[in-house]
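Let me begin by presenting the structure, written as structure tokens, before commenting on it.
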Amino acid sequence: MKNPWLQIPFQDYENHMREVGQTQMLSRLFGDCLKRYTPGSIALIGCATGNGLEEVDPAITRVIHAVDINPAYLEQLNQRFGQTIPGMNIQCLDLEVDPLSFSNVDLIFCGLVLEYVKPDVLIPELLDALSPDGALVIVIQQTRNTAFVTKTQYRSLDLLSSFAGTVSGAGLYELLSNLGVKIEMQYDVPLNDNKSFRVFHCSKNRISS
Ligand SMILES: C[S@@+](CC[C@H](N)C(=O)[O-])C[C@H]1O[C@@H](n2cnc3c(N)ncnc32)[C@H](O)[C@@H]1O
């Protein structure tokens, strides 16, 4: 089956995400991470068209790995940020099957991706790519009594309804713990009455090599 993300035009994606308030929240969370960790290198996993990259200070962050499955999204990202942020490494990968080709990254931000790529496949890859003192930040969506993908006028997003899988916060916590990850903090950010983001900040401190 063709990945439905390849069939969603970037304009639909962006308009939908902005309308439901997720663009703004993800950008804010990513910006908070940049301030907290002042990373020399980052990886933005499932980066789409580059939401949040406007928060990067190129004087601090010298290397940026931006990964997504959709080449049209990445083309937009390149047009918007390719000239203004040096050190941009844009990679079109299917994270379900393609290995990451970078390592030693200070901050890996993975926002709303585990709903589409199996956590037990992706998280070990992310840990391999993380520097020994790096931070892995994961954002998942938690939903109560409502559709996982909010209906908007952008009907191409309907393709995701049967594809997206809710990630249980408790299940993710258990997986991270089983992988030897130290969960430095975990918190919820409300989006509306029925949806919130759960945010995990993780380190490899407990993993012995
Ligand atoms: C909900 S969006 C992520 C939101 C984005 N991080 C932001 O801040 O706006 C999910 C992204 O993951 C990408 N994606 C989904 N499945 C993927 C896969 N197998 N490999 C790589 N990227 C994937 C999609 O193309 C999409 O851009």
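Hey, can you tell me all the residues within the range 160-196 that are surrounded by fewer than 14 Cβ atoms within 10 Å (Cβ to Cβ) and assigned to a helix (DSSP H, G or I)?
Selection gives A170, G171, E174, S177, N178.
Quick one: would you say V199 is surrounded by 17 or more Cβ atoms within 10 Å (Cβ to Cβ), within 15 Å of the chain's Cα centre (by Cα) and in a strand (DSSP E or B)?
Answer is yes for this residue.
For the range 108-140, what are the residues that are without any contact (Cβ under 8 Å) to a residue 40 or more places away in the chain and open to solvent by 60 Å² or more (accessible area, probe 1.4 Å)?
K118, D128
I need a count of the residues in the range 108-148 that are in a strand (DSSP E or B) and among the hydroxyl-bearing types (S, T, Y).
2
The values are calculated or read from the model by the stated rules, or taken from the named source; none is laboratory data. If you're wondering where the values come from, they're calculated on a predicted model, not measured in any experiment. Cβ sites come from the backbone with ideal geometry, for glycine too, and all protein chains shown count toward neighbours. For the accessible areas, the whole protein counts, side chains as well, though only heavy atoms, and no ligand, DNA or RNA atoms are used. Shrake-Rupley method; radii C 1.70, N 1.55, O 1.52, S 1.80 Å.
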